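The values are calculated or read from the model by the stated rules, or taken from the named source; none is laboratory data. What you are looking at is a predicted structure, and each value in this text was computed from that prediction instead of being measured. Glycine also receives a Cβ, built like all others from the backbone with ideal geometry; neighbour counts cover every protein chain displayed. Quick note on the areas: whole protein, heavy atoms, side chains included, nothing else; ligands and nucleic acids left out. Shrake-Rupley method; radii C 1.70, N 1.55, O 1.52, S 1.80 Å.
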Amino acid sequence: MKNTVSTLMQQKQSGDKITMLTAYDFTTAQIMDACGVNAILVGDSLGMVMLGYENTLPVTMEDMIHHTAAVARGAANAFVVADMPFLSYQVSVEDAVRNAGRLVKEGGANAVKLEGGAEVCEQIRAIVKASIPVVAHLGLTPQSVNAFGGFKVQGKRLEQARKLIADALLIQEAGACAVVLEGIPAKLAEIITSRLTIPTIGIGAGNACDGQVLVYQDMLGLTNGHTPKFVKRFAEAGELMRSGISEYIRETKAGSFPAPEHTYAVDDDVISELLKEC
Ligand code: KIV
């Protein structure tokens, strides 16, 4: 059964935790969908994990549409949310509606996600008015990395925490169907979750949220270097890949791959005739 905005809302009401993972391609989306994940986020984190950028800022609408369309083709049941990239919604409300529409029309997304609170409420209202569900995103919003002076936990100070609660109420009032809470203290996420009627989906925000989201390369052990505190590595897929690739190199160099079972046969007479002609 296809997960929809109503499914997510029912899950909040019944206390059934929402599972969301990022994906950026058809094959991964198909695997996640078959596992029964409720929602797939085509995050602009693709700038880092798929395209090798330092942050999400260079990601374009074309990048997002291309990857969203691949994911949508693989996600029969999961609710597909596409990120609106940096500057695709901040400049004007008209831009925001047009770009959200492209993610749905050309990318096949079921909803769009955008970052910010009070400052993007007008955009949320207009996109929702165009019948496109909007997931909001508060806290350590990666598109504000330069304004924050780095990837820093948000909402530790009283004023910041108050603003986050106020923003959460405003985006809900503007029509958002859910909100991602990223990089904020667990107790603050708990307060926000209890104040909202829409589901909260946490990443680095503790387990009181109505659901969780992780970047799949992080949770499957595919990323190298620094792993943020909130990431749990549920598998070591990177190790598996390294071992498979090394074995392929070894067997190919040794001539043991391809073996007869990986090879197409031909009748001996065809070969004898050919050899006579050579
Ligand atoms: O881009 C992304 O993957 C995200 C998640 C980290 C929530 O926004």
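Values as computed for the structure displayed
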quantity	calculated
Mean residue ellipticity (222 nm) of the chain, computed from DSSP H runs ≥ 4 via -39,500 (n - 2.57), nearest 500	-13000 deg cm²/dmol
In degrees, nearest ten, helix 26-35 long axis to first principal axis of the chain (Cα)	70 degrees
Surface per residue (accessible, 1.4 Å probe) for the chain, Å²	52 Å²
Top positive-direction residue, dipole computed over the range 5-235 with Cβ charges, set G221, F234, A161	A161
The chain - percent of accessible surface contributed by carbon and sulfur, probe 1.4 Å	58 percent
Rounded to the nearest 20 debye, dipole of the chain from Cβ charges on Lys, Arg, Asp, Glu	1520 debye
Efficiency of FRET between I245 and L169 - r from beta-carbon atoms, R0 45 angstrom, step 0.05	0.35
Percent breakdown of C-alpha pair distances by 10 Å bin, ordered from the shortest bin, for the chain	7, 27, 33, 16, 6, 6, 3, 2, 0
Top of E106, E159, E236 by mean-square fluctuation, Gaussian network on the chain, Cα under 10 Å	E159
Contact order normalised by residue count of the chain, Cα under 8 Å, 6+ apart, percent	15 percent
The range 172-231: proportion of alpha-carbon pairs further apart than 18 angstrom, %	38 percent
Cα centroid separation - the range 75-130 against the range 134-176, whole Å	17 Å
Length-normalised contact order of the range 124-176 in % [C-alpha pairs under 8 Å, at least 6 apart]	48 percent
Viscosity 0.890 mPa s, temperature 25 °C, Stokes-Einstein D of the range 226-278 from Kirkwood C-alpha radius, µm²/s	158 µm²/s
